[in-house]
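Asks: One structure, as structure tokens, below. Some questions next.
The values are calculated or read from the model by the stated rules, or taken from the named source; none is laboratory data. Given the structure is predicted, the values throughout are model-derived calculations rather than measurements. Don't worry about glycine lacking a Cβ; one is built from the backbone with ideal geometry, like all the others, and counts go over all protein chains shown. Heavy atoms of the whole protein, side chains included, go into the accessibility calculation; ligands, DNA and RNA do not. Shrake-Rupley method; radii C 1.70, N 1.55, O 1.52, S 1.80 Å.
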Amino acid sequence: MTPLEFLAVVLPSPDNGLYCAAELTTKKKEHNFVESLEELSPTITKWGDSKDIYFALSTFENKGKRTADNARFIKALFIDMDGYETKKAAAVSLNDFLVKTGLDLLGTPYIVDSGGGLHCYWPFTQDIPVKDWRVAAENTKRLCRKYNLGIDFTVTGDAARVLRVPGTRNWKDKKNPRTVKIL
């Protein structure tokens, strides 16, 4: 699966607002709002291989405002698993969580190695208004808390959240950048 194919699975359809890509490495912290997923590729290429590049999980009403108030639709639940000793330990914890909660019956989520942890996505079959999505996101957070799944709780409930783009690099460790990849 290519990064663009992945984005098409986890992001809302283009008729439900603007997509947003962000580079958050430089002081400029650029955001680019576009109407189609295909328009994200030139932006990502332009920013190059030396910046942390992200995509927003929602579509937005207006350009220039990556805020929860401006977010319109969303098409996935997502979690950011950091803080585990190894990615294998995170994967084992995720699997245990899925089995204990019965979420394993939905199938394996899409998993991205973020270069530091794991990002997990459960895409919906249709776009959901953000106000309706919040209920599911809050319930996901409750389940993660109840079953001690180590996640960044802020990420899971933030409709304006950005996560790393597969195929780019994670530059938190400047001497050892890591590739962000779909597992």
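Asks: Quick one: would you say ARG178 is among the charged types (D, E, K, R), surrounded by 19 or more Cβ atoms within 10 Å (Cβ to Cβ) and either touching a residue at least 60 places away in the same chain (Cβ under 8 Å) or touching an Asp or Glu at 6+ places or on another chain (Cβ under 9 Å) (or both)?
Replies: Considered against the rule, which asks whether it is among the charged types (D, E, K, R), surrounded by 19 or more Cβ atoms within 10 Å (Cβ to Cβ) and either touching a residue at least 60 places away in the same chain (Cβ under 8 Å) or touching an Asp or Glu at 6+ places or on another chain (Cβ under 9 Å) (or both), ARG178 comes out as no.
Asks: Which numbered condition in (1) on the phi > 0 side of the Ramachandran plot; (2) touching a residue at least 60 places away in the same chain (Cβ under 8 Å) is the only one that GLY107 fails?
Replies: For GLY107, the failing item is (2).
Asks: Of the numbered conditions (1) touching a residue at least 60 places away in the same chain (Cβ under 8 Å); (2) out of contact with any Phe, Trp or Tyr (no Cβ under 6 Å at 6 or more places or on another chain); (3) crowded, with 19+ Cβ neighbours inside 10 Å, VAL165 satisfies every one except a single condition; which is it?
Replies: The failed condition is (2).
Asks: Additional query: Do any strands (runs of 3 or more DSSP E) lying entirely in region 1-118 carry at least 2 residues that are open to solvent by less than 30 Å² (accessible area, probe 1.4 Å) and not hydrophobic (A, V, I, L, M, F, W, C), and which ones are they?
Replies: Strands (runs of 3 or more DSSP E) meeting the threshold: 19-23, 58-60.
Asks: Could you check, for region 102-118, whether at least one of its residues is over 28 Å from PHE33 (Cβ atoms) and charged (D, E, K, R)?
Replies: yes
Asks: If we scan region 140-151, do we find a residue that is small (Gly, Ala, Ser), open to solvent by 40 Å² or more (accessible area, probe 1.4 Å) and either modelled with pLDDT under 95 or touching a Cys at 6+ places or on another chain (Cβ under 9 Å) (or both)?
Replies: no
Asks: I would also like to ask the following. Quick one: which residue in VAL130, VAL155 is at pLDDT below 95 and open to solvent by less than 20 Å² (accessible area, probe 1.4 Å)?
Replies: Just a single option satisfies the conditions, and that option is VAL155.
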